[in-house]
Amino acid sequence: MTGPASDPTPDVADKLTLNVSGGTVQELTAKSGLRTIEFATPRAKLIEALGGAIREDLRDYPLALSAFEALIQDQEALASWDMANYITMRKLGYNDHGRVHAFVTGAASLAILELLLEGGVRPDLIESGIGDVGDVFLVVILATMLHDIGNQVHRAEHEQHGVHLARPIIDRILKPLYSDVFKRTKIRAFILHGINCHDLNPPPLTVEGGITAVADGSDITKGRGRKAFALGSVDIHSISALAVDQVVITRGDSKPVLIDVTMNNSGGIFQVEEVLAPKVIRTPLSRYVELRARTRPAGDEQILQSVRLDGDHFVMDLESGEQAVVEVKDTQKLVQDAVIGRLDVGSQSK
């Protein structure tokens, strides 16, 4: 549990490593099964590397690969990513929510999906009898890469804006791939569900939607926090994002997926608690994903040595050798519950 994050179970290759501690882009090699993507690189090179990883994952699923290729050439999608970034980064001082974020989360979502399938998990699209594995890959890549385009309208209610803005793009991509309108409409519904629920407002109900949410939450390295910090957004979000060096998505010991986070100091735990942990806890993936965070042995004076998620609590191994168990503070859920209580509205309906 205290070994390096990039060295999981010896006979299991990492599905995806998002690493910002180095300075060069490592080649993505299919033959070794290890794909490492470095963030200290020009934007175009990063997108190229991520695109290569996505294409490799979609190689055996021609419909999904065709959908991906159509998406990244779609002028409306390209403009939507750029405008989502303009609003979030330039006007609000947030981290990247545009094209790079779409590619990072797209690659992460496919890594998670592959591990779930290897672990015997049946996504809802298959369980419902609507589609097959190839259809699931198509749903996941489109939902994940389009999930944040609603930010171009405003950050507030961006999930709902995203549903409306993504629909014509999705229709344009799906029409030549699915001649059956009945099936095409159902496929689109799964994609829109993932977009609408990626920020847990409301929480996703499908495995596919859960993958989109968790992949979104996994993009917490300092590669995406550095730009916001440079633009003058100096707060706990940007500072804590600079404390996360690496996110590794690999096979878990007791669950199909392990998300292993390496921090250069304990401040990174804010990113894990606020961004990633709620998206594991409050989605259908909670049964299938292990979450672990550790600090590097060198660097600042450390408070935490390692953290793992156990249900809705963090189990923390302190540098002193003691262990602490604390509940994950899901601030978004606390706000929602407070509003429901204020309005005296039941959280469940018949």
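The values are calculated or read from the model by the stated rules, or taken from the named source; none is laboratory data. A quick note: this is a predicted structure, and the numbers were derived from the prediction, not measured. Virtual Cβ from ideal backbone geometry, glycine too; neighbours counted across all protein chains shown. Surface areas here come from the heavy atoms of the whole protein model, side chains and all, with no ligands, DNA or RNA. Shrake-Rupley method; radii C 1.70, N 1.55, O 1.52, S 1.80 Å.
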Revision key, fill the gap. Heavy-atom accessible area with a 1.4 angstrom probe orders 183, 15, most exposed first, as 183, 15
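Looking at the square roots a ≥ b ≥ c of the eigenvalues of the Cα gyration tensor of the stretch 145-208, which shape do they give, rounded for a/c under 1.5, prolate if a/b is larger than b/c, or oblate?
Numbers: a/c = 3.08, a/b = 1.56, b/c = 1.98.
Oblate is the answer for the stretch 145-208, as a/c is 1.5 or above yet b/c matches or exceeds a/b.
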Practice item. Roll a 1.4 Å probe over the protein chains and send me the accessible area per residue for the stretch 91-137 in Å². Key: 31 Å²
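Of the listed peptides 99-107, 71-79, 208-216, what is their order by residue-averaged count of other C-beta atoms within 10 Å, with the highest listed first? Before the final figure, lay out each step's value.
Numbers: 99-107: 25.9, 71-79: 15.2, 208-216: 29.7.
The most tightly packed comes first, giving 208-216, 99-107, 71-79.
Roll a 1.4 angstrom probe over the protein heavy atoms and tell me the percent of accessible area of the stretch 109-196 that is carbon or sulfur. List each step's numbers first, then the result.
Details: 1820 of 3380 Å².
Carbon plus sulfur share of accessible area: 54 percent.
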Review point. By per-residue mean of other Cβ atoms within 10 Å, what is the highest-first order of 143-151, 249-257, 195-203?
Key: 143-151, 195-203, 249-257
